[in-house]
Structures are given as structure tokens and as C-alpha cells.
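Participant: Structure in C-alpha cells, see below.
The values are calculated or read from the model by the stated rules, or taken from the named source; none is laboratory data. Here the structure is a predicted model, which is why all the values come from computation and not from measurement. Neighbour counts are summed over all protein chains in view; Cβ atoms, including those assigned to glycine, are modelled from backbone coordinates with ideal geometry. Ligands, DNA and RNA are excluded from the accessible area calculation, which covers all protein heavy atoms including side chains. Shrake-Rupley method; radii C 1.70, N 1.55, O 1.52, S 1.80 Å.
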Amino acid sequence: QLETFVQEGFQPDLTLLLDLPVEEGLARTAGRGGHADRFEKQNLAFKERLRQSYLRRQRDHPDRIRYVDASGSIDEIQVNLKRHIQTLLISGTNS
């Protein structure tokens, strides 16, 4: 409801959803060091519910929200991101 109110129907042409299993994301976060923020302090169940919510939105809007598997190497992820962006720029649409 908040999104509808704030955006007044406006949606980006392309949203890239970089997905990673929760445990793998936590391992990457821990590898960076530093202090855990408020979100990182949430329990696993909360993080998984949030992930599933984003995945559900992507399934509901596959033309606008593109799924990117973020479990690969940085190079693999970059190739996938570039492909989605180039498709958008070449076609002038989000197809």
C-alpha cells in the first residue's frame, strides 16, 4: 500500500533481483568484516521470509523484475547483469 501511495503507479523499466540463499549471504557478509547493521542482526527466519517475498514479486512481474543468480563468481554475475541492461538499452523496453 505504501509503495502504491508513494509511487503513484510509477514503476522502473527494469529491476534486477540478485538472489542468494540466506546462509550464503551471511557468510559473504561475515567475510567482509565490520559491524552487523540492524538488518543483519535479524534472525534467519526473518531473512528467509524477506527473500521469499522478493522472489514472489519477481515471479509476479517477470518482465520488469529480472532474476539474477548471485551465487556465482563476480565475473559470472556481471555478465548476467550486463546482459539484462544491454537488452533494455537495445530494445528501448524491458523485454
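Participant: Any idea which of Q52, Q58, Q78 is among the polar types (S, T, N, Q) and either touching a strand residue (DSSP E or B) at 6+ places or on another chain (Cβ under 6 Å) or at positive phi (or both)?
Facilitator: Q58
Participant: Mind counting the residues in the stretch 27-45 that are under 26 Å from H84 (Cα atoms) and surrounded by 13 or more Cβ atoms within 10 Å (Cβ to Cβ)?
Facilitator: The total comes to 1.
Participant: Hey, any hits in the stretch 76-90 for a residue that's farther than 19 Å from L14 by Cβ and open to solvent by 70 Å² or more (accessible area, probe 1.4 Å)?
Facilitator: Yes, some residue in the stretch 76-90 is farther than 19 Å from L14 by Cβ and open to solvent by 70 Å² or more (accessible area, probe 1.4 Å).
Participant: While we're here: Of the residues E48, E8, E23, E3, which is modelled with pLDDT under 90 and either within 16 Å of the chain's Cα centre (by Cα) or open to solvent by 100 Å² or more (accessible area, probe 1.4 Å) (or both)?
Facilitator: E8
Participant: Sort out which residues of the stretch 59-80 are of a type outside the set (D, E, K, R) and within 20 Å of G25 (Cβ to Cβ), and write them in order of number.
Facilitator: I65, Y67, V68, A70, S71, G72, S73, I74, I77, Q78, N80
Participant: What's the number of the only condition in (1) under 16 Å from the mean Cα position of the chain (by Cα); (2) touching a residue at least 60 places away in the same chain (Cβ under 8 Å) that L88 fails to meet?
Facilitator: Only one criterion is unmet by L88, namely (1).
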